[in-house]
1. Considering Cα pairs under 8 angstrom that are at least six residues apart, work out the relative contact order of segment 37-136 and quote it in whole percent.
2. Among rounded, prolate and oblate, which fits segment 4-72 when a ≥ b ≥ c are the square roots of the eigenvalues of its C-alpha gyration tensor, a/c under 1.5 means rounded, and a/b larger than b/c means prolate?
3. When Lys and Arg each count +1 and Asp and Glu each count -1, what net charge do the other residues less than 12 Å away from Asp28, Cβ to Cβ, add up to?
4. Tally Lys and Arg at +1 and Asp and Glu at -1 over the other residues with C-beta under 9 Å from the C-beta of Ala54: what net charge comes out?
5. Grab the beta carbon distance between His179 and Gln112, set R0 = 41 Å, and tell me the FRET efficiency rounded to 0.05.
6. So for each of 111-120, 127-136 I average, over its residues, the number of other beta carbons within 10 Å; can you give me the resulting order with the highest mean first?
7. Between Lys27 and Asn56, what FRET efficiency follows from the Cβ-Cβ distance if R0 is 25 Å, with the result rounded to 0.05?
8. Carbon and sulfur together cover what percent of the accessible area of segment 26-124 at a 1.4 Å probe radius?
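The values are calculated or read from the model by the stated rules, or taken from the named source; none is laboratory data. Nothing here was measured: the structure is a model prediction, and the numbers come from that model. Because the Cβ atoms are built from the backbone with ideal geometry, glycine has one as well, and the counts that use them run over all protein chains shown. Note: accessible area is taken over every heavy atom of the protein model, side chains too, but ligands, DNA and RNA are not part of it. Shrake-Rupley method; radii C 1.70, N 1.55, O 1.52, S 1.80 Å.
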Amino acid sequence: MKHPSASRMSSAAYRDAVAQIIRRVQKDHELNDGQLATRLACSASTIRNARTGATNLDAAILINIERQFGPGAIDPYLALANARAIPIEPPALDAPPTLAIVEALHRLIETQTPDSDGGGSTTPRELLAILKELRGARSAFDALILIADPPPASGEKGFRHKNPKRLAVVRTEGDDVAHARIFESRAGLGQ
């Protein structure tokens, strides 16, 4: 068993994570220290000091970053606890969630072709090039997870606890539906 102090986070790790958050938000949204400070209701020197790792950033400012720039904006900080942010409400999706997932998967597979930069392995540079698609897929998965398993504070039953459950199985041949069947389960039936 590890000694409790062996798993403690250091201030340096915290400051590095916050600096990464600030730099990423500024790059993604093309904001300088002053512009970001205005959006977060703090001073430009606070942003500069956090970006350079000179001081700790107040927790309220971290929450404001997440609120302003969306779920996942402070994931480098949350990663220090092996966690990440997901929205409480399903994110609005422009298209069916499966399309975003398939698009990201397709782009990921392209990074593993023999003629890609990393050959059979995906490189960090290739992942950076498809970051938008990866984040879109993550949002789609988050939406599906929240539909199936809403947060406890919502008071809504998770899908697995609702009755009845229906599953439609559809087989197509080209554009025509060749066979369709609906299966239904109820609590207590073991399904």
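1. Relative contact order here is 14 percent.
2. Numbers: a/c = 2.04, a/b = 1.71, b/c = 1.19.
Because a/c hits 1.5 or more and a/b exceeds b/c, segment 4-72 counts as prolate.
3. Values: positive: Arg23, Arg24, Lys27, Lys132, Arg135; negative: Glu30.
Net of charged neighbours comes to +4.
4. Numbers: positive: Arg15, Arg48, Arg51; negative: none.
Once all neighbours under 9 Å are counted, the net charge is +3.
5. On the way: r = 35 Å, r/R0 = 0.85.
With a Förster radius of 41 Å, E is 0.70.
6. Working: 111-120: 11.8, 127-136: 15.0.
Most protected by this proxy first, the peptides run 127-136, 111-120.
7. On the way: r = 22 Å, r/R0 = 0.87.
The pair Lys27/Asn56 has a calculated efficiency of 0.70.
8. Details: 3350 of 6160 Å².
Summing carbon and sulfur atoms, their accessible area is 54 percent of the total for segment 26-124.
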